[in-house]
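Here, each number is a calculation from the coordinates, and none is a lab measurement. Please read all numbers here as calculations on a predicted model, not as lab measurements. Reconstructed Cβ throughout: ideal geometry from the backbone, glycine too, with neighbour counts over all protein chains shown.
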Amino acid sequence: MAFNSFGNLLQLTTFGESHGIAIGGVIDGFPAGMNVDFEAIQNELDRRKPGQSAIVTQRKEPDTVQFLSGIFEGVTTGASIGFQIQNTNQKSKDYSHNTNVYRPSHADYTYDKKYETRDYRGGGRTSARETANWVVAGALAKQLISHININAFTSSVGDIFIDKPYQDLDFTKTDSNIVRCPDEAIAEKMIAKIKDIKKQGDTIGGTITCVAQNVPVGLGEPIFHKLHAELGKAMLSINAVKGFEFGSGFCGAKMQGSEHNDVFTKDGKTETNLSGGIQGGISNGMDIYFRVAFKPVATIMQKQQTIDSDGNLTEIHGKGRHDPCVVPRAIPIVEALTALVLADFYLLDRTRRV
């Protein structure tokens, strides 16, 4: 299986399966001389880890990261940063019912047909367990570009949406509730919705909005390496993501140019920001903001029709520990990948400056 790496100058390569001994990765291209805040890295992992609330999977994993190389006496050395996270709470027997049965809307069928083998224990390499690796790398990237503020939050669950612009939200309140929505009144409705869906043995989707502030002008490499294209690729690499839009997004398709153009002010800023902080694939100094859509988790605790590996029709009933809504735990993943993309472009930009 190829293509386990992400990034250009700053590159992350990962390994591991959901129910294997450990997951981990190697980060290449990280500059030497940065003091590492290990507590901040672990805090990001704690935001992503399972078992943290009543509305997420109850798999219990400490998700403690162990750094193996590239950091000496708390400072990056410029060498490859190797790390691993032990899997300690696998319950592979929960997946014994689907050893030769394909779960609807999972990667079981496509992996089996492509590789003629698959790890049925939690999906193996296709599991969102892999995203813990991304959070480690992203937490380091956040420290590298600490001048840029990156905040993601739950902006909708099902048909419940925040009806305020992000400028009117207090991002310090995002982690004050288990759904990670900075609007406390809307958060209560979202939590109630997820709990109700969980009781039905079903799942529900939602959206995450991410805002990057204090981004300098000039990040992005046209023509085929535009900043928004790389952000889109990163977000669409996350398990369960079905859509990505930045700035005005699809709403921009309904507007006229006279409505949509961001008129300049004297200081090089713009009166509006429908461009989402990116023009011509390059950051323009305004806030970068985008929205990511997540589908309902594919494993549901209800009977569904499916087929087995021989093509016979059969039934399957979800078992094990699964998120009724993946959105709250995906917040740190969205932030991590955003940080990796921006840090990569930050290093690329430095290569052409004296």
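What does the helix-only formula give at 222 nm for the chain: each DSSP H stretch with n ≥ 4 adding -39500 (n - 2.57), the total divided by the residues, and the result rounded to the nearest 500 deg cm²/dmol?
Computed mean residue ellipticity for the chain: -7500 deg cm²/dmol.
Considering the options GLY206, VAL341, TYR109, tell which one lies farthest towards the positive end of the dipole of the chain, charges being +1 on Lys and Arg and -1 on Asp and Glu at the Cβ, about the Cα centre.
Farthest towards the positive end: TYR109.
Report the FRET efficiency, 1/(1 + (r/R0)^6), for ASP37 and ARG353, where r is their Cβ-Cβ distance and R0 is 25 Å, rounded to 0.05.
Taking R0 as 25 Å, the efficiency between ASP37 and ARG353 is 0.40.
Pop the C-beta distance of LEU274 and ASP175 into the FRET formula with R0 = 22 Å and round what comes out to the nearest 0.05.
0.15
Which entries of LYS198/LYS319; LYS199/LYS319; LYS233/LYS295; LYS113/LYS242; LYS173/LYS195; LYS49/LYS242 have Cα-Cα distances beyond 19 Å here?
From LYS198/LYS319; LYS199/LYS319; LYS233/LYS295; LYS113/LYS242; LYS173/LYS195; LYS49/LYS242, over 19 Å: LYS113/LYS242; LYS173/LYS195; LYS49/LYS242.
At 7 Å along the Cα-to-beta-carbon direction for both SER258 and THR117, put a label point, then send me their distance in nm to one decimal.
Simple spin-label model gives 6.5 nm for this pair.
Taking the simple approach of a point 7 Å from Cα along Cα-to-Cβ for both ASP28 and THR265, what is their distance in nm?
That separation, rounded to one decimal, is 4.4 nm.
With angles folded into 0 to 90 degrees, how steeply does helix 38-48 sit against the dominant principal axis of the chain? Use alpha carbons for both and round to 10.
60
Just want the ordering: MET190, MET1, MET286, from fewest to most Cβ atoms lying within 10 Å of their own Cβ.
MET1, MET286, MET190
State to the nearest 20 debye the size of the charge dipole of the chain about its Cα centre, where the only charges are +1 on K and R beta carbons and -1 on D and E beta carbons.
The dipole of the chain has a size of about 680 debye.
Taking neighbour counts of Cβ atoms within 10 Å as a proxy for exposure, in what order, fewest first, do GLU230, GLU259 appear?
Sorted ascending by nearby Cβ count, the order is GLU259, GLU230.
Can you tell me which of ALA54, ALA185, ALA339 moves the most in a GNM of the chain? Springs connect C-alpha atoms under 10 Å apart.
The residue that fluctuates most here is ALA185.
So what's the angle, to the nearest 10 degrees on a 0 to 90 scale, between helix 131-144 and the longest Cα principal axis of the chain?
Here the helix axis deviates by roughly 20 degrees.
Hey, with R₀ at 51 Å, roughly what FRET efficiency would CYS251 and ILE21 work out to, going by the Cβ-Cβ distance, to 0.05?
That pair, CYS251 with ILE21, gives E of 0.65.
Which order do the peptides 104-113, 212-221 take when ranked by the mean count of other beta-carbon atoms within 10 Å per residue, highest first?
The peptides rank, most packed first, as 212-221, 104-113.
Filter the GluC sites (Glu not before Pro) in region 105-205 to those in DSSP coil with at most 15 other Cβ atoms within 10 Å of their Cβ, and list the result.
Passing both the DSSP loop test and the Cβ count: GLU116.
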